[in-house]
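Asker: Below is the structure I would like to discuss, written out as structure tokens.
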Amino acid sequence: MNSIKVLTNGLVKENPTFVLLLGMCPTLATTTSLVNGLSMGLSTTFVLICSNIAVSLIKKLTPDAVRIPVFVVVIASFVTVLQMCLAAYFPSVNDSLGLYIPLIVVNCIILGRAEAFACKNGAFMSLLDGVGTGLGFTLALSLLGMVRELLGSGCIMGTRILPESGSMLFFILPPGAFVTLGFLIAAVNRLRSDK
């Protein structure tokens, strides 16, 4: 299997957000700003990489009857480490993402990659798959957060881009997440169909 293909697969061809439509709960709930989207994406990427490597290393030791529960325990362990690190070193990010950090445990992207890829491949390829899929997820959340923040508040990371009169609160609210995501998915589908 080509390592470059594995690495880039999650970025474009099988982007978890724009193509596969996985992980919609954190995608819609945490992307009110670029910082939140980036933070959630990087947090998920960390768990995805670590769990992919761990699952690939223990795949032969895990009986089929308990495979999924073992994967969930592995993922939960890395989420716990992540949440403790965020609480200690990045308390504002931990407070901002709140409940969505523990919910990474049940994120279908991570469990899906463990089941579909990591338990069938070696540690290095699983690492590359985790990096590619995680970066694709992070890119999607960051883009969605940036667009919502720009249109909703007229700022990006605290820097005013649009005049205050141009801000549309709708995009910061939950319905704005659906609308923005819909337009971004349409744009990605258009770009993919042109190739």
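Asker: For the chain, set up a Gaussian network in which alpha carbons nearer than 10 Å are linked by springs, and say which option among L20, L34, L42 fluctuates the most.
Answerer: Its mean-square fluctuation being the largest, the pick is L20.
Asker: Which of the listed residues, A87, I156, N2, is farthest toward the dipole's positive end in the chain, when Lys, Arg count +1 and Asp, Glu count -1 at the beta-carbon?
Answerer: Of the listed residues, the answer is N2.
Asker: For the chain, with a Gaussian network of springs between Cα atoms less than 10 Å apart, report the residue from S167, S92, S77 with the top mean-square fluctuation.
Answerer: Result for the chain, Cα springs under 10 Å: S92 fluctuates most.
Asker: Let me ask something additional. Would you mind giving the average projected area, over all directions, of the Cα convex hull of region 19-115 in nm² with one decimal?
Answerer: One quarter of the hull surface, i.e. the mean projection, equals 6.3 nm².
Asker: Among I109, I156, I49, whose mean-square fluctuation peaks in a Gaussian network model of the chain (Cα, cutoff 10 Å)?
Answerer: Looking only at I109, I156, I49, the largest GNM fluctuation is found for I156.
Asker: Then there's this: Rounded to the nearest 10 Å², what accessible area does M24 show when all protein chains are kept and the probe is 1.4 Å?
Answerer: It works out to around 50 Å².
Asker: Which of the three applies to region 121-191, rounded, prolate or oblate, going by the alpha-carbon gyration tensor with a ≥ b ≥ c and a/c under 1.5 meaning rounded?
Answerer: Since a/c reaches 1.5 and a/b is larger than b/c, the shape of region 121-191 is classed as prolate.
Asker: Got the relative contact order for the chain handy, in percent, Cα pairs under 8 Å and 6 or more residues apart?
Answerer: 36
Asker: In whole percent, and with a 1.4 Å probe on the protein chains, what portion of the accessible area of the chain is carbon and sulfur?
Answerer: C and S atoms contribute 72 percent here.
Asker: Taking only protein heavy atoms and a 1.4 Å probe, what accessible area per residue, in Å², does the chain have with all protein chains in place?
Answerer: Accessible area per residue: 50 Å².
Asker: Which value in deg cm²/dmol, rounded to the nearest 500, describes the helix-derived mean residue ellipticity at 222 nm for the chain, given -39,500 (n - 2.57) per DSSP H run of n ≥ 4 and division by the residue count?
Answerer: The per-residue figure over the chain is -22000 deg cm²/dmol.
Asker: Heavy atoms only, 1.4 Å probe, whole protein assembly: order T138, T80 by accessible area, highest first.
Answerer: Listed by decreasing accessible area, they come as T80, T138.
Asker: Okay, moving on. Count the lysine pairs in the chain whose Cα atoms lie under 28 Å apart, taking only pairs 8 or more positions apart in sequence or on different chains.
Answerer: 10
Asker: Further, regarding this structure: What dipole magnitude, in Debye to the nearest 20, does the chain give about its Cα centre under +1 on Lys/Arg Cβ and -1 on Asp/Glu Cβ?
Answerer: 500
Asker: Ranked from the most accessible area to the least, with a 1.4 Å probe and all protein chains present, what is the order of Y89, Y100?
Answerer: Per-residue accessible area, sorted high to low, gives Y89, Y100.
Asker: Something else now. I'd like the distance between the alpha-carbon centres of region 6-26 and region 27-58, rounded to an integer number of Å.
Answerer: 12
Asker: So how exposed is S165, as accessible area in Å² (1.4 Å probe, rounded to 10)?
Answerer: 110
The values are calculated or read from the model by the stated rules, or taken from the named source; none is laboratory data. It should be emphasised that the depicted structure is a prediction, and the values quoted were computed from it without experimental measurement. Quick reminder, even Gly has a Cβ in these numbers, built from the backbone with ideal geometry, and neighbours come from all protein chains shown. The protein model used for the area step is the full one, side chains on, heavy atoms only, and it has no ligands, DNA or RNA in it. Shrake-Rupley method; radii C 1.70, N 1.55, O 1.52, S 1.80 Å.
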